[in-house]
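Contents: one structure, followed by commentary.
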Amino acid sequence: MGTATHDTYTAKLTDGPLEGKTVTTEFLESGDPRPRIEIPSDSHGKRYLYARAAGLEFDSTEHPERPTAVDYRYLEAVFEASGSSAS
């Protein structure tokens, strides 16, 4: 059994530091859009956390039941803790 050709969709970032940008992301194994996505920033160890919003767009004739674009709202910036301490 092969993978489906439409395993990705466009995540539309509706607010926050990445407002107006889009990223391509994969559906969950269940076929649903991801409830949250993390996007790495240009700064080392910093990621932006976005949560799924209500907006969905459907524009596929091959898979009309799956959205082609999903809106995401900004939640927070996540920073990795550094493992070393300065002396």
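Descriptive notes on the structure:
- Just so you know, in the range 67-87 the residues that are modelled with pLDDT of 95 or more and assigned to a loop (DSSP other than H, G, I, E, B) include one that is nearest to S43 (Cα to Cα), and it is T68.
- Filter result (closer than 11 Å to A11 by Cβ and open to solvent by 100 Å² or more (accessible area, probe 1.4 Å)) within the range 39-61: R52
- Given (1) among the polar types (S, T, N, Q); (2) in contact with an Asp or Glu (Cβ under 9 Å, 6 or more places away or on another chain); (3) at pLDDT 95 or above, index of the condition T25 fails: (2)
- Of the residues making up the range 67-80, those that are touching a strand residue (DSSP E or B) at 6+ places or on another chain (Cβ under 7 Å) and either closer than 15 Å to A53 by Cβ or not hydrophobic (A, V, I, L, M, F, W, C) (or both) are P67, T68, A69, V70, D71, Y72, R73, Y74, L75, E76.
- Counting the residues of the range 22-37 that are loosely packed, with under 13 Cβ neighbours inside 10 Å and not polar (S, T, N, Q) gives 7.
- Per-region count, the range 1-18, residues in contact with a strand residue (DSSP E or B) (Cβ under 6 Å, 6 or more places away or on another chain) and either at pLDDT below 95 or loosely packed, with under 10 Cβ neighbours inside 10 Å (or both): 1
The values are calculated or read from the model by the stated rules, or taken from the named source; none is laboratory data. All figures in this text were calculated on a predicted structure; none of them were measured in a lab. Positions of Cβ are backbone-derived with ideal geometry, glycine not excepted, and every protein chain shown enters the neighbour counts. Accessible surface areas use protein heavy atoms only, side chains included; no ligands, DNA or RNA. Shrake-Rupley method; radii C 1.70, N 1.55, O 1.52, S 1.80 Å.
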